[in-house]
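Below: the structure, in C-alpha coordinates.
The values are calculated or read from the model by the stated rules, or taken from the named source; none is laboratory data. This is a predicted model, so every value here is computed, not measured. Here Cβ is always computed from backbone atoms with ideal geometry, including for glycine, and neighbour counts include all displayed protein chains. Quick note on the areas: whole protein, heavy atoms, side chains included, nothing else; ligands and nucleic acids left out. Shrake-Rupley method; radii C 1.70, N 1.55, O 1.52, S 1.80 Å.
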Amino acid sequence: VGSFNNEIGLPLTSLKVNAGTRFLVAEMGANHVGEIANLTSPVPPDIAVVLKVGVAHLGEFGSAERIAQAKSEIVRGLVPGGLTILNANDEHVAAMSAIAPADVLWFGLPQKEDAQLDTTALDVRCDDLDHPSFVLEDKTGRHANVTLGICGQHNVMNALAAATVAMTLGMPIDDVASGLSDVTSISPHRMAVSTVTKPETSFTLFDDSFNANPDSMKAGLDGLSRWHAGAEQQPFRIAVLGAMLELGPDEHRLHEDVGRYAVEGGADALVTVGSTSDEALDALAEAMAQGGKAVAADPTMVQWAHDAEQADRMVTRLATDHEGTVVLLKGSHASGLSALAERWTQN
(Lines give C-alpha, C1' and ligand atoms only; values in the text may rest on other atoms or scores of the structure.)
Protein backbone atom coordinates (compact mmCIF):
# COMPACT_ATOMS: atom_id res chain seq x y z
CA VAL A 1 0.00 0.00 0.00
CA GLY A 2 1.78 3.15 -1.18
CA SER A 3 5.26 3.22 0.33
CA PHE A 4 4.40 1.44 3.59
CA ASN A 5 7.86 -0.09 3.68
CA ASN A 6 9.23 0.88 7.11
CA GLU A 7 8.87 -0.08 10.76
CA ILE A 8 5.42 1.55 10.88
CA GLY A 9 4.00 0.89 7.43
CA LEU A 10 4.99 -2.75 7.10
CA PRO A 11 3.33 -3.90 10.36
CA LEU A 12 0.20 -1.93 9.41
CA THR A 13 0.12 -3.78 6.10
CA SER A 14 0.78 -7.21 7.62
CA LEU A 15 -1.98 -6.73 10.20
CA LYS A 16 -4.49 -6.77 7.32
CA VAL A 17 -3.63 -10.41 6.64
CA ASN A 18 -6.48 -12.77 7.53
CA ALA A 19 -7.79 -16.22 6.64
CA GLY A 20 -8.86 -14.95 3.23
CA THR A 21 -5.40 -13.66 2.28
CA ARG A 22 -3.69 -15.68 -0.44
CA PHE A 23 -0.61 -13.52 -1.01
CA LEU A 24 1.09 -10.75 0.95
CA VAL A 25 3.51 -8.60 -1.03
CA ALA A 26 5.66 -6.63 1.41
CA GLU A 27 8.10 -3.91 0.37
CA MET A 28 10.97 -3.64 2.84
CA GLY A 29 13.02 -0.44 2.85
CA ALA A 30 15.89 0.84 4.96
CA ASN A 31 17.96 3.88 5.80
CA HIS A 32 20.36 1.94 8.03
CA VAL A 33 21.82 -1.53 8.41
CA GLY A 34 19.58 -3.70 10.56
CA GLU A 35 16.26 -2.15 9.61
CA ILE A 36 15.26 -4.82 7.06
CA ALA A 37 16.27 -7.54 9.54
CA ASN A 38 13.75 -6.02 11.95
CA LEU A 39 11.07 -6.06 9.23
CA THR A 40 11.63 -9.72 8.34
CA SER A 41 11.05 -10.68 11.96
CA PRO A 42 7.25 -10.15 11.90
CA VAL A 43 6.98 -10.97 8.18
CA PRO A 44 9.57 -13.65 7.26
CA PRO A 45 9.38 -14.00 3.46
CA ASP A 46 8.73 -17.25 1.62
CA ILE A 47 10.18 -15.50 -1.45
CA ALA A 48 12.75 -12.69 -1.26
CA VAL A 49 13.35 -10.48 -4.30
CA VAL A 50 16.30 -8.07 -4.58
CA LEU A 51 16.08 -5.65 -7.51
CA LYS A 52 19.30 -3.65 -7.37
CA VAL A 53 21.87 -1.92 -5.20
CA GLY A 54 21.89 1.75 -6.22
CA VAL A 55 23.11 4.93 -4.60
CA ALA A 56 19.92 6.04 -2.83
CA HIS A 57 20.67 6.87 0.84
CA LEU A 58 24.42 6.67 0.13
CA GLY A 59 25.00 9.42 2.69
CA GLU A 60 23.31 7.36 5.40
CA PHE A 61 25.04 4.07 4.58
CA GLY A 62 28.45 5.38 3.53
CA SER A 63 29.11 2.96 0.66
CA ALA A 64 27.42 0.72 -1.91
CA GLU A 65 28.79 -2.27 0.02
CA ARG A 66 26.90 -1.20 3.14
CA ILE A 67 23.72 -0.74 1.08
CA ALA A 68 24.22 -4.28 -0.23
CA GLN A 69 24.71 -5.52 3.33
CA ALA A 70 21.43 -3.90 4.38
CA LYS A 71 19.50 -5.28 1.42
CA SER A 72 20.91 -8.77 1.93
CA GLU A 73 19.01 -8.91 5.21
CA ILE A 74 15.86 -9.72 3.24
CA VAL A 75 17.58 -12.91 2.02
CA ARG A 76 18.87 -13.78 5.48
CA GLY A 77 15.34 -13.29 6.81
CA LEU A 78 13.78 -15.95 4.57
CA VAL A 79 11.87 -18.83 6.12
CA PRO A 80 13.88 -22.09 6.12
CA GLY A 81 13.96 -23.35 2.54
CA GLY A 82 12.67 -20.00 1.21
CA LEU A 83 13.24 -18.98 -2.40
CA THR A 84 15.65 -16.17 -3.40
CA ILE A 85 15.09 -14.22 -6.65
CA LEU A 86 18.02 -12.03 -7.72
CA ASN A 87 19.01 -9.58 -10.45
CA ALA A 88 21.83 -11.30 -12.34
CA ASN A 89 22.96 -7.99 -13.90
CA ASP A 90 23.85 -6.32 -10.58
CA GLU A 91 27.06 -7.68 -9.07
CA HIS A 92 26.15 -6.64 -5.54
CA VAL A 93 22.79 -8.39 -5.82
CA ALA A 94 24.23 -11.48 -7.52
CA ALA A 95 26.68 -11.92 -4.64
CA MET A 96 23.72 -12.49 -2.30
CA SER A 97 23.30 -15.99 -3.77
CA ALA A 98 26.09 -17.05 -1.38
CA ILE A 99 23.82 -16.51 1.64
CA ALA A 100 20.61 -17.88 0.11
CA PRO A 101 19.20 -20.64 2.34
CA ALA A 102 17.91 -22.72 -0.57
CA ASP A 103 17.05 -22.26 -4.25
CA VAL A 104 17.98 -19.14 -6.23
CA LEU A 105 16.24 -17.92 -9.39
CA TRP A 106 17.81 -15.32 -11.68
CA PHE A 107 16.25 -12.55 -13.76
CA GLY A 108 17.99 -10.04 -16.00
CA LEU A 109 19.03 -9.10 -19.51
CA PRO A 110 21.29 -11.53 -21.39
CA GLN A 111 24.89 -10.33 -21.06
CA LYS A 112 27.02 -13.50 -21.05
CA GLU A 113 26.56 -16.59 -23.18
CA ASP A 114 26.97 -18.88 -20.18
CA ALA A 115 24.57 -16.95 -17.94
CA GLN A 116 21.72 -19.12 -16.68
CA LEU A 117 18.72 -16.82 -16.50
CA ASP A 118 15.36 -18.11 -15.35
CA THR A 119 13.54 -15.07 -16.74
CA THR A 120 14.85 -12.68 -19.36
CA ALA A 121 13.79 -9.99 -21.82
CA LEU A 122 14.84 -10.14 -25.47
CA ASP A 123 14.60 -7.48 -28.16
CA VAL A 124 13.97 -4.63 -25.71
CA ARG A 125 12.87 -1.38 -27.32
CA CYS A 126 10.84 1.72 -26.49
CA ASP A 127 8.22 3.46 -28.60
CA ASP A 128 7.94 7.23 -29.00
CA LEU A 129 5.82 7.40 -25.85
CA ASP A 130 8.58 5.62 -23.87
CA HIS A 131 6.57 2.40 -23.42
CA PRO A 132 9.02 -0.53 -23.40
CA SER A 133 8.27 -3.70 -25.33
CA PHE A 134 10.17 -6.98 -25.22
CA VAL A 135 9.94 -10.73 -25.57
CA LEU A 136 9.54 -12.36 -22.15
CA GLU A 137 11.28 -15.72 -22.02
CA ASP A 138 11.49 -18.31 -19.23
CA LYS A 139 14.18 -20.95 -18.67
CA THR A 140 12.28 -23.58 -20.67
CA GLY A 141 12.25 -21.37 -23.77
CA ARG A 142 8.59 -20.41 -23.55
CA HIS A 143 8.06 -16.82 -24.56
CA ALA A 144 5.43 -14.09 -24.84
CA ASN A 145 5.37 -10.57 -26.24
CA VAL A 146 5.05 -7.77 -23.68
CA THR A 147 4.36 -4.06 -24.11
CA LEU A 148 4.41 -2.36 -20.73
CA GLY A 149 1.55 -0.02 -19.98
CA ILE A 150 3.92 2.20 -17.94
CA CYS A 151 6.80 4.33 -19.17
CA GLY A 152 10.53 3.90 -18.68
CA GLN A 153 12.98 1.30 -19.97
CA HIS A 154 14.21 0.77 -16.39
CA ASN A 155 10.83 -0.82 -15.66
CA VAL A 156 11.78 -3.81 -17.82
CA MET A 157 13.91 -5.12 -14.94
CA ASN A 158 11.07 -4.54 -12.48
CA ALA A 159 8.73 -6.43 -14.83
CA LEU A 160 11.17 -9.35 -15.02
CA ALA A 161 11.31 -9.56 -11.23
CA ALA A 162 7.51 -9.59 -10.97
CA ALA A 163 7.23 -12.12 -13.81
CA THR A 164 9.69 -14.47 -12.10
CA VAL A 165 7.60 -14.47 -8.93
CA ALA A 166 4.32 -14.89 -10.79
CA MET A 167 5.51 -17.81 -12.94
CA THR A 168 7.12 -19.48 -9.92
CA LEU A 169 3.70 -19.39 -8.23
CA GLY A 170 2.07 -21.03 -11.24
CA MET A 171 0.84 -18.20 -13.47
CA PRO A 172 1.13 -19.07 -17.20
CA ILE A 173 3.54 -16.91 -19.16
CA ASP A 174 0.78 -15.55 -21.43
CA ASP A 175 -1.20 -14.39 -18.40
CA VAL A 176 1.94 -12.76 -16.98
CA ALA A 177 2.51 -10.89 -20.26
CA SER A 178 -1.12 -9.75 -20.31
CA GLY A 179 -0.96 -8.59 -16.70
CA LEU A 180 2.20 -6.58 -17.29
CA SER A 181 0.61 -4.88 -20.28
CA ASP A 182 -2.53 -3.99 -18.32
CA VAL A 183 -0.69 -2.01 -15.62
CA THR A 184 -0.92 1.63 -16.67
CA SER A 185 0.06 3.36 -13.43
CA ILE A 186 2.37 2.55 -10.52
CA SER A 187 1.74 5.03 -7.74
CA PRO A 188 1.35 8.81 -7.60
CA HIS A 189 4.26 10.88 -8.94
CA ARG A 190 6.02 7.93 -10.62
CA MET A 191 6.36 8.52 -14.39
CA ALA A 192 2.73 9.72 -14.62
CA VAL A 193 2.04 11.34 -18.00
CA SER A 194 -0.59 14.05 -18.37
CA THR A 195 -1.35 17.28 -20.21
CA VAL A 196 -1.08 20.51 -18.22
CA THR A 197 -3.24 23.40 -19.43
CA LYS A 198 -2.54 26.90 -18.13
CA PRO A 199 -4.00 30.24 -19.26
CA GLU A 200 -0.76 31.10 -21.05
CA THR A 201 0.20 27.71 -22.49
CA SER A 202 -0.07 23.93 -22.31
CA PHE A 203 2.53 21.17 -22.17
CA THR A 204 3.01 17.45 -21.59
CA LEU A 205 4.10 16.53 -18.06
CA PHE A 206 6.23 13.59 -16.98
CA ASP A 207 5.58 13.60 -13.24
CA ASP A 208 8.31 11.48 -11.61
CA SER A 209 8.58 13.71 -8.55
CA PHE A 210 8.02 11.08 -5.84
CA ASN A 211 11.71 11.06 -4.88
CA ALA A 212 15.14 11.08 -6.49
CA ASN A 213 18.67 9.75 -6.48
CA PRO A 214 21.33 9.87 -9.23
CA ASP A 215 20.25 6.54 -10.77
CA SER A 216 16.55 7.40 -10.91
CA MET A 217 17.34 10.93 -12.13
CA LYS A 218 19.20 9.49 -15.11
CA ALA A 219 16.40 7.00 -15.78
CA GLY A 220 13.86 9.83 -15.83
CA LEU A 221 16.07 11.92 -18.12
CA ASP A 222 16.46 8.95 -20.47
CA GLY A 223 12.68 8.75 -20.66
CA LEU A 224 12.48 12.46 -21.45
CA SER A 225 14.99 12.07 -24.30
CA ARG A 226 13.01 9.13 -25.79
CA TRP A 227 9.68 11.01 -25.81
CA HIS A 228 8.71 11.27 -29.52
CA ALA A 229 12.38 10.79 -30.42
CA GLY A 230 11.40 9.59 -33.90
CA ALA A 231 9.09 12.49 -34.68
CA GLU A 232 9.92 14.85 -37.54
CA GLN A 233 9.08 17.81 -35.31
CA GLN A 234 10.94 17.26 -32.06
CA PRO A 235 9.35 18.37 -28.77
CA PHE A 236 11.01 21.06 -26.66
CA ARG A 237 12.27 19.14 -23.63
CA ILE A 238 12.51 20.81 -20.20
CA ALA A 239 14.06 18.97 -17.24
CA VAL A 240 12.90 20.39 -13.90
CA LEU A 241 15.15 18.77 -11.31
CA GLY A 242 15.12 19.22 -7.56
CA ALA A 243 18.01 18.62 -5.18
CA MET A 244 18.73 15.06 -4.02
CA LEU A 245 19.24 14.17 -0.36
CA GLU A 246 21.32 11.66 1.62
CA LEU A 247 24.19 11.37 -0.87
CA GLY A 248 27.08 11.94 1.54
CA PRO A 249 30.28 13.96 1.08
CA ASP A 250 30.23 13.59 -2.72
CA GLU A 251 26.80 15.23 -3.06
CA HIS A 252 27.95 18.37 -4.90
CA ARG A 253 29.82 16.39 -7.57
CA LEU A 254 26.87 14.01 -7.97
CA HIS A 255 24.54 16.98 -8.54
CA GLU A 256 26.94 18.50 -11.08
CA ASP A 257 27.04 15.13 -12.88
CA VAL A 258 23.25 14.99 -13.11
CA GLY A 259 23.08 18.55 -14.48
CA ARG A 260 25.67 17.65 -17.08
CA TYR A 261 23.84 14.41 -17.93
CA ALA A 262 20.57 16.31 -18.45
CA VAL A 263 22.04 18.74 -20.97
CA GLU A 264 24.20 16.19 -22.76
CA GLY A 265 21.22 13.82 -22.92
CA GLY A 266 19.12 16.23 -24.95
CA ALA A 267 17.24 18.49 -22.52
CA ASP A 268 16.67 21.77 -24.34
CA ALA A 269 16.28 23.57 -21.02
CA LEU A 270 17.22 22.69 -17.45
CA VAL A 271 15.57 24.23 -14.40
CA THR A 272 17.12 23.19 -11.08
CA VAL A 273 15.06 23.73 -7.95
CA GLY A 274 16.47 24.52 -4.51
CA SER A 275 14.97 26.13 -1.43
CA THR A 276 14.57 29.58 0.06
CA SER A 277 14.56 28.13 3.58
CA ASP A 278 17.33 25.52 3.29
CA GLU A 279 20.73 26.86 2.18
CA ALA A 280 22.20 23.37 1.80
CA LEU A 281 19.38 22.29 -0.51
CA ASP A 282 19.72 25.49 -2.53
CA ALA A 283 23.47 24.95 -2.90
CA LEU A 284 22.87 21.48 -4.32
CA ALA A 285 20.49 22.90 -6.92
CA GLU A 286 23.14 25.48 -7.79
CA ALA A 287 25.72 22.71 -8.27
CA MET A 288 23.33 20.92 -10.63
CA ALA A 289 22.87 24.11 -12.63
CA GLN A 290 26.63 24.65 -12.79
CA GLY A 291 27.07 21.14 -14.18
CA GLY A 292 24.50 21.86 -16.88
CA LYS A 293 25.92 25.28 -17.78
CA ALA A 294 29.40 23.78 -18.22
CA VAL A 295 28.24 21.77 -21.25
CA ALA A 296 25.28 23.85 -22.51
CA ALA A 297 25.46 25.40 -25.97
CA ASP A 298 23.25 28.19 -24.60
CA PRO A 299 23.88 28.67 -20.86
CA THR A 300 20.76 30.86 -20.59
CA MET A 301 18.72 27.69 -21.05
CA VAL A 302 20.01 26.47 -17.67
CA GLN A 303 18.21 28.24 -14.82
CA TRP A 304 18.44 27.95 -11.05
CA ALA A 305 15.14 28.38 -9.18
CA HIS A 306 15.09 28.91 -5.44
CA ASP A 307 11.69 27.28 -4.95
CA ALA A 308 8.90 25.52 -6.85
CA GLU A 309 6.98 28.78 -7.38
CA GLN A 310 9.90 30.32 -9.23
CA ALA A 311 10.36 27.09 -11.21
CA ASP A 312 6.67 27.28 -12.20
CA ARG A 313 7.16 30.76 -13.65
CA MET A 314 10.32 29.71 -15.52
CA VAL A 315 8.63 26.66 -17.05
CA THR A 316 5.55 28.69 -18.03
CA ARG A 317 7.72 31.23 -19.88
CA LEU A 318 9.68 28.52 -21.68
CA ALA A 319 6.57 26.55 -22.64
CA THR A 320 4.87 29.71 -23.90
CA ASP A 321 7.85 30.36 -26.18
CA HIS A 322 8.14 26.77 -27.45
CA GLU A 323 5.25 24.81 -28.93
CA GLY A 324 5.19 21.08 -28.19
CA THR A 325 6.91 21.32 -24.80
CA VAL A 326 7.35 18.26 -22.60
CA VAL A 327 8.40 18.71 -18.96
CA LEU A 328 10.05 16.18 -16.61
CA LEU A 329 9.56 16.81 -12.88
CA LYS A 330 12.05 14.93 -10.72
CA GLY A 331 13.48 15.63 -7.27
CA SER A 332 13.52 14.75 -3.60
CA HIS A 333 10.31 15.24 -1.65
CA ALA A 334 11.88 18.27 0.07
CA SER A 335 12.12 20.10 -3.26
CA GLY A 336 8.33 20.51 -3.34
CA LEU A 337 8.00 19.33 -6.93
CA SER A 338 5.27 16.79 -6.14
CA ALA A 339 3.13 19.65 -4.81
CA LEU A 340 3.85 21.58 -8.01
CA ALA A 341 2.74 18.55 -10.05
CA GLU A 342 -0.51 18.36 -8.12
CA ARG A 343 -1.20 22.05 -8.67
CA TRP A 344 -0.54 21.74 -12.38
CA THR A 345 -2.68 18.64 -12.87
CA GLN A 346 -5.60 19.99 -10.82
CA ASN A 347 -5.91 23.15 -12.90
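Residues checked against (1) under 21 Å from residue 126 (Cβ atoms); (2) of a type in the set (A, V, I, L, M, F, W, C); (3) open to solvent by 30 Å² or more (accessible area, probe 1.4 Å):
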{"site": "219", "(1), (2), (3)": "yes, yes, no"}
{"site": "228", "(1), (2), (3)": "yes, no, yes"}
{"site": "231", "(1), (2), (3)": "yes, yes, yes"}
{"site": "250", "(1), (2), (3)": "no, no, yes"}
{"site": "256", "(1), (2), (3)": "no, no, yes"}
{"site": "261", "(1), (2), (3)": "yes, no, yes"}
{"site": "274", "(1), (2), (3)": "no, no, no"}
{"site": "282", "(1), (2), (3)": "no, no, no"}
{"site": "287", "(1), (2), (3)": "no, yes, no"}
Exercise. Would you pick out the residues in the stretch 261-280 that are of a type in the set (A, V, I, L, M, F, W, C) and in contact with a helix residue (DSSP H, G or I) (Cβ under 6 Å, 6 or more places away or on another chain)?
Worked result: 262, 263, 269, 270, 271, 273
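Tell me the residue from 38, 31 that is in a helix (DSSP H, G or I) and open to solvent by 50 Å² or more (accessible area, probe 1.4 Å), please.
38
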For this session: Look at residue 12 and say whether it is more than 24 Å from residue 163 (Cα to Cα) and either without any contact (Cβ under 8 Å) to a residue 60 or more places away in the chain or surrounded by 16 or more Cβ atoms within 10 Å (Cβ to Cβ) (or both).
Result: yes
Seminar exercise, completed: Of the residues in the stretch 289-315 that are open to solvent by less than 50 Å² (accessible area, probe 1.4 Å) and in contact with a Lys or Arg (Cβ under 6 Å, 6 or more places away or on another chain), the one that is farthest from residue 229 (Cα to Cα) is 291
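Quick grid of which residues meet (1) in a helix (DSSP H, G or I); (2) among the β-branched types (Val, Ile, Thr); (3) more than 15 Å from residue 209 (Cα to Cα):
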position: 300; (1), (2), (3): yes, yes, yes
position: 303; (1), (2), (3): no, no, yes
position: 310; (1), (2), (3): yes, no, yes
position: 313; (1), (2), (3): yes, no, yes
position: 320; (1), (2), (3): yes, yes, yes
position: 328; (1), (2), (3): no, no, no
position: 339; (1), (2), (3): yes, no, no
position: 343; (1), (2), (3): yes, no, no
For this session: Being at pLDDT below 95 and farther than 11 Å from residue 284 by Cα is the filter here, so list the residues in the stretch 251-266 that pass it.
Result: 265, 266
